[in-house]
Structures are given as structure tokens and as C-alpha cells.
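The values are calculated or read from the model by the stated rules, or taken from the named source; none is laboratory data. Predicted model, so just to flag it, every value in this text is computed and none were measured. We place every Cβ from the backbone using ideal geometry, glycine too, and count neighbours over all the protein chains shown.
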Amino acid sequence: MIASYAASVETSRGRQYVEPSPTYRTEYQRDRDRIIHSTGFRRLEYKTQVFVNHEGDLYRTRLTHSIEVAQIARSIARTLGLNEDLTEAIALAHDLGHTPFGHAGQDALNACMKPYGGFEHNLQSLRVVDHLENKYAEFQGLNLTFETREGVLKHCALKNAQMLGDVGQRFIDKTQPSLEAQLTNIADQVAYNNHDIDDGIRSGLISIEQLREVRLFAEYYDQVKWKYPDLDDNKSVHETIRQMIGSQVTDLIQTSQQNITAAGVVTIDDVRAQNETLIRFSDEMFAQSRLMKKFLRENLYFHHQVYRMTRKAHQITEALFDAFINDAKLLPPEHQAYASKAKKSESEADYARVVADYVAGMTDRFAIKEYDRLFNMSNQLL
Ligand code: MG
């Protein structure tokens with residue numbers, strides 16, 4: 001049973017290109033299925049979350065991260081009476097626009113694209129589903145519903161919002177997206193905060209002792225140790241993380257339910273008209289989760305070893321962009337065709353966007369190979 005304020009097929013703003021309704025699925029299930037069958041989705045397997053793909057087989061990748069986000073978001077959606085299919089579709093698509101090498105790749109590409117309007121992974125996720133996935137006979141992109149596209153576009157600068165039409169409008173009007181979109185955004189943070197602790201400890205870059213400085217971790221870790229004094233480190237960390245996820249999910253459900261009741265929203269339009277989002281942590285949990293993020297930023301994302309890899313990722317991304325922007329003939333034939341179309345429009349920015357799309361679409365290992373093929377004379381492969 002879904003709540004009256006949930007997104008529903010009946011109140012959907014539909015697809016850009018009108019299609020007959022699916023016969024055995026809902027519209028949002030169809031969105032999810034198109035996302036799963038896209039090439040962008042398969043590439044997530046070989047894109048960095050924090051650790052570059054070749055650093056180890058057990059670390060999260062963008063793909064396993066997206067699946068974890070979908071799991072957490074769906075559980076909460078079901079409890080709050082929200083649309084689970086839409087929630088899942090947004091979660092699986094939310095990182096499709098990520099470059100190779102995670103945030104290092106995004107920062108490097110953004111710097112390269114500065115003269116041409118910049119590069120933002122969130123906006124790129126929308127571009128992937130709207131334009132770059134191109135295999136349907138009747139339309140460009142995946143032709144997803146408005147609600148899935150709205151959820152994918154989590155944030156957006158005002159200057160970009162003005163060029164995006166329907167999904168950009170809320171950033172201009174300062175209104176809210178659906179509860180499903182709000183939920184997926186926070187489920188993303190719950191997922192990465194917790195799995196980055198797990199990956200961080202596995203890598204040896206952060207220790208249990210260090211983490212005990214963070215209250216959220218210390219509280220549950222100490223409880224686990226009190227209950228099972230002889231438990232080994234692996235199991236202790238896992239038990240702590242599962243309880244942290246549980247406490248954040250419970251807090252999110254309770255606080256959001258109270259907010260929804262207090263706001264008196266009845267329909268999705270009421271949700272959109274609110275001044276603030278309704279899916280939220282309590283102030284206390286918000287503060288604790290911020291402290292955890294700060295800890296991870298200082299001790300893991302900026303760790304010396306991660307930083308060295310980040311530096312290499314910057315160099316590869318910049319070098320690839322520079323090579324292609326200066327010489328279109330280096331691009332694969334298919335991308336040269338896009339490039340010549342862009343050149344005809346005589347806008348340097350359009351051509352730069354073709355290059356950015358190509359570089360952003362690369363997986364970590366493809367970017368490393370491409371760099372080697374282009375710049376290493378002893379590499380015989382073209
Ligand atoms: Mg994410």
C-alpha cells in the first residue's frame with residue numbers, strides 16, 4: 001500500500017517522448033529495467049568509489065555502492081509507504097555520470113571543462129540517461145519518467161537549471177523533489193559513510209582505535225565488545241557497522257514520519273511545495289553523521305596513500321582530455337562523428353562536451369589503458 005503523498009503512476013508527469021504504457025510492469029519498474037540494461041550501468045562495476053578498481057577485489061565499486069543505496073532506500077520506502085520502484089530506479093541511476101577515479105576524476109575533468117561550462121557528475125548522470133545512452137529506435141536516451149529524472153538530478157547550479165527545462169525548474173522555484181528523491185539522496189550518504197568505514201579498515205588506512213574517537217562508532221563498538229568480549233576484529237567491525245546502519249535507518253524513518261505528519265502533506269504536489277525536505281535525520285543524528293563524514297574526509301579520503309593515487313588519476317584525466325581536445329583525430333571513429341557534428345555547430349564548447357562525455361564514460365581500467373596506448377611509445381597497441 002502506498003501513501004497518498006508518494007509518487008505514483010497516476011500523478012506522474014510522464015516521459016518526454018510519449019510511449020504506450022507497459023503491460024506487466026509499472027512505469028517506474030520500466031525505468032529501473034532500462035537503467036539496469038544500459039551500458040552506463042555495466043560500467044559502474046569498474047569505476048572507483050574510494051579505492052581504484054585494481055587496488056583490491058573486496059572494495060566497493062560504484063556498482064556495489066549503487067546496489068547498497070537501493071537496498072537501504074527500498075527498505076525505508078516500504079516502511080514509509082513510498083514508491084519502492086521509483087526509489088530503486090533513482091538509486092541505481094544516481095551515480096551513472098561519475099567519471100573514472102571517483103572524485104579525483106571529477107575534479108580534474110571539471111578543471112579541464114572550466115572554459116566550457118564545467119563538469120558536474122550529478123548533471124552528467126542526467127545527461128547519460130537523457131542523451132548518451134542511445135540505442136532505442138524511437139527516442140534518444142532512456143526516455144525515463146520525469147520523477148526518475150528529477151531524483152537523479154540531486155543538485156544543480158542555477159545557470160545549469162535554466163537550460164534543463166522541467167527537471168531544472170525546482171532549483172529556480174526553490175521547491176522540493178518527491179519524497180522518493182529526498183530519500184535516495186540520504187540513503188546514498190548512509191551507504192557510503194558506513195561502507196567507507198568498512199573499506200577503510202580493510203585497507204589498513206584507518207584503525208578501529210582511530211574510529212573510536214567518533215562517537216557514533218564508539219557507542220556501538222563498545223556495546224558489541226561488552227556483549228561479545230572475545231569477538232575478533234572482523235566480526236566486531238561488521239556488527240558495529242550493521243548496528244550503525246540500523247540506527248541511522250530507524251532515526252530517518254521516525255524523524256521523516258513525524259515531519260510528514262506535522263507538515264500535513266496529502267499529495268506529491270504538497271510535498272513539492274514545502275520549503276524544506278521532509279526526509280531527514282533528527283538534529284542529533286545529523287550532527288553525528290556529519291562528524292563521521294569529517295572523520296572520513298580527514299583520515300581516509302585525504303590519506304597519504306589515497307592522495308598519491310588521486311594525483312595519478314588527475315594526471316591521467318587531464319592528459320586524456322588535453323590530447324582529445326587538441327586533436328579530434330585521436331578520438332575513436334564513433335566519437336569523431338559526434339565531434340564533427342559539434343564542430344559544424346561551430347561551438348568550441350559543444351566539441352569540448354563531446355570530449356568530456358568520452359572521458360567521463362571511461363572506466364578506471366579503460367582510462368589507464370587508453371593513457372598507456374596514447375603516451376607510451378613502447379606500447380604497440382593503437
Ligand atoms: Mg552515490
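In table form, for the structure just shown:
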item: Residue match in region 367-380 (condition: out of contact with any Phe, Trp or Tyr (no Cβ under 7 Å at 6 or more places or on another chain), among the charged types (D, E, K, R), buried (at least 18 other Cβ atoms within 10 Å of the Cβ) and not in a loop (DSSP other than H, G, I, E, B)); result: yes
item: Condition broken by GLU19, with the remaining ones in (1) surrounded by fewer than 24 Cβ atoms within 10 Å (Cβ to Cβ); (2) farther than 27 Å from LEU164 by Cβ satisfied; result: (2)
item: Odd one out for ILE72, checked against (1) hydrophobic (A, V, I, L, M, F, W, C); (2) buried (at least 21 other Cβ atoms within 10 Å of the Cβ); (3) under 16 Å from VAL129 (Cα atoms); result: (3)
item: Some residue of region 218-235 being at positive phi and either touching a residue at least 12 places away in the same chain (Cβ under 8 Å) or out of contact with any helix residue (DSSP H, G or I) (no Cβ under 8 Å at 6 or more places or on another chain) (or both); result: no
item: Residue in region 34-54 that is nearest to the chain's Cα centre (by Cα), counting only those that are within 23 Å of GLN189 (Cβ to Cβ) and modelled with pLDDT under 90; result: GLN49
item: Region 59-68, subset over 9 Å from the mean Cα position of the chain (by Cα) and assigned to a helix (DSSP H, G or I), residue nearest to the ligand (Cβ to nearest atom); result: GLU68
item: Enumeration of residues in region 39-55 that are of a type in the set (S, T, N, Q) and surrounded by 22 or more Cβ atoms within 10 Å (Cβ to Cβ); result: THR48, GLN49
item: Condition met for ILE197 (over 14 Å from the mean Cα position of the chain (by Cα), within 16 Å of the ligand (Cβ to nearest atom) and touching a residue at least 40 places away in the same chain (Cβ under 8 Å)); result: yes
